[in-house]
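A short worksheet on the structure shown next.
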Amino acid sequence: MDRDKPKRKKAVALKYDPVRDQAPRVSAKGQGLVAEKIVALAKEAGVPLKDDPDLIEVLMGLELDEEIPPELYVVVAELLAYVYYVNERYRRVLDRGLATDVDHPAW
């Protein structure tokens, strides 16, 4: 049965350039080893990760460099707001000398 098969890991990376883009774009996507590499590179770069299987499924249907559709604006905006919030909290911890760049959360 399909339920017995382990699901392949999937990952999608978004980028947003407010000067160039009207909305975030798909910058990378993949399954299996490619997904693992996307996640590893994001972690190395300190990019926050969010595990949302439903959102990933929708984003996997987009082409590389394609802007997200308007139906996803609210969901992605909430995700970005969370990322900005976490980054700001972490920056404050760094400013107080309570952590180092090495201590950045693994998201």
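Among Leu79, Leu55, Leu94, which is the only one that is modelled with pLDDT under 95, within 12 Å of the chain's Cα centre (by Cα) and either charged (D, E, K, R) or over 17 Å from Lys9 (Cα atoms) (or both)?
Exactly one of Leu79, Leu55, Leu94 is modelled with pLDDT under 95, within 12 Å of the chain's Cα centre (by Cα) and either charged (D, E, K, R) or over 17 Å from Lys9 (Cα atoms) (or both), namely Leu79.
For the stretch 76-88: of the residues being open to solvent by 60 Å² or more (accessible area, probe 1.4 Å) and either touching an Asp or Glu at 6+ places or on another chain (Cβ under 8 Å) or of a type outside the set (Asp, Glu) (or both), which is farthest from Asp21 (Cα to Cα)?
Tyr85
Just to be sure I understand, how many residues within the stretch 15-46 are open to solvent by 30 Å² or more (accessible area, probe 1.4 Å) and assigned to a loop (DSSP other than H, G, I, E, B)?
So the answer is 7.
Among the residues of the stretch 56-71, what is the count of those that are in contact (Cβ under 8 Å) with a residue 40 or more places away in the chain, assigned to a helix (DSSP H, G or I) and either of a type in the set (Val, Ile, Thr) or within 17 Å of Ala23 (Cα to Cα) (or both)?
Here the count works out to 4.
The values are calculated or read from the model by the stated rules, or taken from the named source; none is laboratory data. Here the structure is a predicted model, which means the values were calculated and not measured. Cβ atoms come from the backbone with ideal geometry, glycine included; neighbour counts cover every protein chain shown. Calculation scope for accessible area: heavy atoms of the full protein, side chains included, ligands and nucleic acids excluded. Shrake-Rupley method; radii C 1.70, N 1.55, O 1.52, S 1.80 Å.
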